[in-house]
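Input: a single structure, listed below in structure tokens.
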Amino acid sequence: MLTISELSFQYPGAPQAALNGVSLTVRRGRVLGLLGPNGAGKTTLISHLAGLLAVQHGSILLDGQPIAQARAERPTRITLAPQEYAFYPMLTVAENLACFAAACRLKGNTLRERIAACIAFTQLERFAKTRAEHLSGGLKRRLNLAIALLPEPELILLDEPTVGVDPQSRAFLLDAVRALAQAGTTVLYTSHYIEEIETIADDVAILDNGRVLRAAALPELLAEGGAQMALRIDGPLDAALGLLGNFGHAQAGHEGEILVSLNPDSSPASVLQAIATAGATLHMARYGSHDLERLFMRLTHRALRDE
Amino acid sequence: MMLPALIRKEFLALIRDPHGLVALFLMPVAFIVIMSLALKDYYNPQTRSLPYALLDLDHGAQAQTLAEQWQADHGVPRQVPEEWRPALLAGQVRYVLTIEPGFSDAIASPATPPGIKVRLLADPGLEHALFRGTEAELAAAVGELRANAIQERFMGMVGKGANAIRNLVSAERVATRVRPTAVQQNVPAWLVFGMFFVVTAIASLFVQEARDGTLTRLQAIGVPRRIQILAKALPYLGVNAVQAALMLAVGVWLMPRVGGEALQLAGIDWVALLLMLATISFAAIGFALAIACLVRTHAQASALGATCNLLMAAIGGIMVPTFVMPVAMQAAAHWSPMNWALEGLLQVLLRSGDTLAVLPYAARLGGFAVLMWLAATLLFRRRMK
């Protein structure tokens, strides 16, 4: 549906590019989780898709058509639910929806039907006459989502849609995103909550320093850790690495862990057996799939980004 | 549908913001009432109702005549102790008139008066215009007395000298249907100030919407920039129209009820008035949009908007009439758009000016409006990029 090729962008006066040769494919009806530390380039990428920034280098094609042309023909094929509460606090929920529905060029019955549908989808019926400024954080997030859904977009960009909400509201929003994808809407979802991405994303792209570090279907990414074993054992590191090196490539990881990429003829059981035979004390052993957070941290490293 | 919906949103947001309504409507009304009452006597000096004391140290016939005439025109003098200075400095009387010994002889004598025979001693806080007015009245009264005395002595004509002198002089304000009053001056002045006060409201609104992300959202769904700007501007044209109607109504109906004089609208050129109000509104809103697209924070919006307004008002003769300013300041006033607005309105409301008379002011304001709207469009485009 959406093909991003070698997209680069540098803000005027900025010392380095915010996006540097980003290539990515977003498939119709799927949820793409976009992960990246602060300053990775997520917002810049989303701003391109939302039509807020023009393409400097590279291309973005929507169903084979340049995005600027596609947006000119129908600007609401892609909508954005920004991280901010992007609605008018002095207006009621219904008034906000009516205002943005008209801004989306909806008219007459279509306008009324879409407002009703979006209110129902986000379960805001009881709050239709409540001023937006009086809504709780979770309800505000739901209104933010409802507005983005008004024109029935093909692709919806959700930028940190669960910031500041309670667990119940978060669960509701995640279910809503899933339901949208099942109904055929493509979703690009950014969040700092990696477990959310792991829960709802079909595909994941990890972005850092304006580059895509990894992009693949979520199961594929998680399976990458299948032949890797993580261990923590007593004793000198060199001795441990020497022992474990017999079973594959062994290297020191974080917090005293040793990571072993097993040879095809090695098994986890044989590694554990060798440790026991050597008389070393095993404190921790993990084998199997990655979790997304570990993969993310491994790819983006641990250095703080806001300093 | 898009533009009406966004305009409706502005109106709903505006009428649900009581603080904004107070700033836009009640503040200029309060200024009109307060400043018109405060300056009431400036435009119509009440020299004849000032409390005063009269000390006759001469006791002659001419002194008695002067005292009687002064009393007839200015009311009965207050009684003060012989040492009158404390009473004067305490504000119990605004001036003391002392008729020195030898006054009657000096008046009747054909020779040059030997020295000061009447003294006007005024409260140091007495307004300059009132002091000069009272001094002139006193000089005229003494002059009449002396003219009468000399006529009587040499020509045998009694009591005709004063009439003869008054027949020589006439003074009137020319060719307008309205009388200049504090209300007639202050209503247009504070109306202009109030109309320009939309600067702060529009700038704050822009900052809020930029921060909320609603401007971004509108851009993302393809709302053209010109629609976004018009959606902000048109409701405030309405606000300016309501302000104008309200301020004129306050002048006509409220001011007489609170002790002021009524604004006189009979016989004015309504087309000229509407032309001026329309150009003022376009200029004010254009200026507001330009400031709104320039600032980034609420603090900047409040500070820049209010400061620009106050400076333009101070220089432009809104707060202090230009005719009391020094020459250099009067020249500076001609550079303030608020001055063009005020002078245009005064042409209509004070000098019975017609459309042709206000055209130079309307043209200057129109040029300023066009410049500001262009600046706003360019700044908004740059901001949204």
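Quick notes on this structure:
- For the range B:208-270 and the range A:143-206, distance of Cα centres in Å: 41 Å
- Spatially, the range A:242-274 and the range B:318-385 are offset by 82 Å when compared through their Cα centroids.
- Interface residues, the range B:220-248 - accessible area loss of 50 Å² or more versus chain alone, probe 1.4 Å: B:Ala220, B:Ile221
- Local electrostatic count at A:Gly21 - Lys and Arg +1, Asp and Glu -1, tallied over other residues with Cβ under 14 Å: -1
- Taking all pairs of distinct alpha-carbon atoms in the protein assembly as shown, Kirkwood radius in angstrom: 32.5 Å
- Look at where the Cα atoms of the range A:33-48 and of the range A:51-68 average out, and the two centres are 16 Å apart.
- In degrees, nearest ten, helix B:337-349 long axis to first principal axis of chain B (Cα): 60 degrees
- Chain B against chain A buries an accessible area of about 2300 Å², both chains summed, 1.4 Å probe radius.
- Shielded residues, the range A:75-103 - accessible-area loss of 30 Å² or more between chain alone and all protein chains, probe 1.4 Å: A:Leu80, A:Glu84, A:Ala86, A:Tyr88, A:Met90, A:Leu91, A:Glu95, A:Cys99, A:Phe100, A:Ala102, A:Ala103
- Amide H contacts under 5 Å for A:Gly58: A:Ser8, restricted to partners 5 or more places along the chain or on a different chain, H placed in the peptide plane at 1.01 Å from N.
- For the range A:26-54, heavy-atom accessible area (probe 1.4 Å) falls by no less than 20 Å² from the chain alone to the full protein assembly at A:Leu52.
- Set A:Lys42/B:Lys232; B:Lys40/B:Lys117; A:Lys107/A:Lys140; A:Lys107/A:Lys129 screened for pairs whose C-alpha atoms are more than 29 Å apart: A:Lys42/B:Lys232; B:Lys40/B:Lys117
- Kirkwood-type hydrodynamic radius, the range B:45-166: 15.1 Å, calculated from all non-identical alpha-carbon pairs.
- Computed Rg/Rh of chain B, alpha carbon atoms with Kirkwood Rh: 1.17
- Summing Lys and Arg as +1 and Asp and Glu as -1 over all other residues whose Cβ lies under 11 Å from the Cβ of A:Glu195 gives a net charge of -3.
- Rounded to the nearest 0.05, the FRET efficiency derived from the C-beta distance between A:Ser270 and A:Glu224 at R0 = 30 Å is 0.85.
- Whole-Hz Karplus values for the range B:283-298 come out as 5, 4, 6, x, 4, 4, 5, 5, 5, 4, 7, 8, 7, 10, 10, 4 Hz, taken residue by residue from phi with 6.51 cos²θ - 1.76 cosθ + 1.60 and θ = phi - 60°; glycine and proline positions read x.
- Crossing angle, helix B:61-74 versus chain B [Cα axis fit, 0-90 degrees, rounded to tens]: 20 degrees
- Neighbourhood net charge (15 Å Cβ-Cβ; Lys/Arg +1, Asp/Glu -1) for B:Ile32: +1
- Chain B - percent of accessible surface contributed by carbon and sulfur, probe 1.4 Å: 64 percent
The values are calculated or read from the model by the stated rules, or taken from the named source; none is laboratory data. Only a predicted model underlies this, so the values are computations on that prediction, with no experimental measurement involved. Neighbour counts are summed over all protein chains in view; Cβ atoms, including those assigned to glycine, are modelled from backbone coordinates with ideal geometry. Only protein heavy atoms, including side chains, enter the accessible area calculation; ligands, DNA and RNA are left aside. Shrake-Rupley method; radii C 1.70, N 1.55, O 1.52, S 1.80 Å.
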